[in-house]
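> Structure incoming, see below.
The values are calculated or read from the model by the stated rules, or taken from the named source; none is laboratory data. Everything numeric in this text was worked out from a predicted model, so none of it was measured. In this analysis, Cβ positions are derived from the backbone assuming ideal geometry, glycine residues included, and neighbour counts consider all displayed protein chains.
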Amino acid sequence: MKTRILSSLVGLALLAVVFAFLEGPLLNIVIGIICVMAVYELLSATGCLRFRGLVVLSLLMALLIPFARVNHLRDYLFEAIYFLILAFFILLIINSATMSIQHFAMAFLFSTVIPVFYSCAVYLRDDYGPLLGGYYLLLALGSGWLCDSGAYFIGRKWGKRKLAPRISPNKTVEGAVGGLLTCTVLMLLISWGFARLVGAAGGAVRVNYAAIALYTPVIAVIGMLGDLSASVIKRGCGIKDFGNVMPGHGGILDRFDSVLFTLPAIYILTDYVGLVTIS
């Protein structure tokens, strides 16, 4: 437990640095690193690392997409992705005798879905600016992590009924409900604190607390699906964690599995629902 807490504190400190420089390229760099590490962990878990060409192309794709909106790069994005995809299939043709279509499909899926979903963090910043975009990014992260933390502690204390015993035996119904409630209450408090800080700086803020209370549990449930999806992959691959880069948590994907689904969910939601307006 001590290792888990210390690791979380280090992670939060690094996250604070990213938020402090949200307007610059640091977010793109961090998301690119996360995408590369997550894709590598999945390739390792599914036995794709022995195909070196496939690994190189997958990591290049994972690194490229988070920089898709950077000036002077966006004009060449379509061409770059086109040639990468072409290279994927050329590699499959050349190695058809040794590379299974299953390995090819998994590598191609991982190297596209992972960076596209995680890059929603960049899109939120780009579309709404560092202030409001930073709040939405915090909402996406909080919906995954706060629910996960609440479910962990409440489940350990009061959990009895298994939520998905064949997939993740330690998760309980009581923990899941507690996680949803914890996440909703804390996100309402964070939203209130955000409004107070912006208001103190001279900005006019309107927070739609009813919408936040309504949609936060929905986004948190989507985060749980990301967590359970990662558990299904780990169980199918016969591993406990995707890695050990974060002591007490496992690999990058072990920590960011729920966020993989909450980031695009928030990005889609903000197109239709006004959660916060700043003037």
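> Can you name the condition, by its number, that Val17 falls short on among (1) closer than 26 Å to Gly238 by Cβ; (2) free of Cβ contacts under 8 Å to residues at least 12 places away in the same chain?
Of everything listed in (1) closer than 26 Å to Gly238 by Cβ; (2) free of Cβ contacts under 8 Å to residues at least 12 places away in the same chain, Val17 misses just condition (1).
> Taking Val177 as the residue in question, decide whether it is part of a helix (DSSP H, G or I), among the β-branched types (Val, Ile, Thr), surrounded by fewer than 20 Cβ atoms within 10 Å (Cβ to Cβ) and at pLDDT 90 or above.
yes
> Given the criterion of a type in the set (A, V, I, L, M), assigned to a helix (DSSP H, G or I) and surrounded by fewer than 20 Cβ atoms within 10 Å (Cβ to Cβ), identify the matching residue among Leu197, Leu253.
Leu197
> Can you pull out the residues in the stretch 71-91 that are under 24 Å from Leu27 (Cα atoms) and surrounded by 13 or more Cβ atoms within 10 Å (Cβ to Cβ)?
Hits for the stretch 71-91 are Leu73, Leu77, Ala80, Ile81, Leu84.
> For the condition at pLDDT 90 or above and either under 16 Å from Leu146 (Cβ atoms) or in contact with a strand residue (DSSP E or B) (Cβ under 8 Å, 6 or more places away or on another chain) (or both), what is the one hit in Gly203, Gly243, Gly199, Gly223?
Gly223
> What are the residue pairs meeting all of these: first residue in the stretch 158-187, first residue under 21 Å from Ala230 (Cβ atoms), second residue part of a strand (DSSP E or B) and at pLDDT below 85, Cβ atoms under 7 Å, and 6 or more apart or on different chains?
What qualifies is Lys162/Pro169; Lys171/Ala164.
> Continuing with this model, one more query. Looking at (1) closer than 28 Å to Ala176 by Cβ; (2) buried (at least 18 other Cβ atoms within 10 Å of the Cβ), which is the one condition that is false for Thr112?
(1)
> Just give me the residues in the stretch 235-279 being among the hydroxyl-bearing types (Ser, Thr, Tyr) and either closer than 18 Å to Ile33 by Cβ or touching a residue at least 40 places away in the same chain (Cβ under 8 Å) (or both), in sequence order.
Across the stretch 235-279, the qualifying residues are Ser258, Thr262, Tyr267, Thr270, Thr277, Ser279.
> Using the structure shown, decide if Phe256 is in contact with a strand residue (DSSP E or B) (Cβ under 9 Å, 6 or more places away or on another chain), of a type outside the set (D, E, K, R) and either modelled with pLDDT of 90 or more or more than 15 Å from Tyr136 (Cβ to Cβ) (or both).
no
> What do you reckon, is Ala68 modelled with pLDDT under 90, small (Gly, Ala, Ser), buried (at least 18 other Cβ atoms within 10 Å of the Cβ) and at negative phi?
Yes.
> So, one more: Somewhere in the stretch 265-279, is a residue crowded, with 21+ Cβ neighbours inside 10 Å, of a type in the set (A, V, I, L, M, F, W, C) and in a helix (DSSP H, G or I)?
Checked the stretch 265-279: at least one residue is crowded, with 21+ Cβ neighbours inside 10 Å, of a type in the set (A, V, I, L, M, F, W, C) and in a helix (DSSP H, G or I).
> Quick test for you: out of Leu228, Leu186, pick the one residue that is closer than 17 Å to Trp145 by Cα, under 16 Å from the mean Cα position of the chain (by Cα) and assigned to a helix (DSSP H, G or I).
Being closer than 17 Å to Trp145 by Cα, under 16 Å from the mean Cα position of the chain (by Cα) and assigned to a helix (DSSP H, G or I) holds for just one of Leu228, Leu186, which is Leu228.
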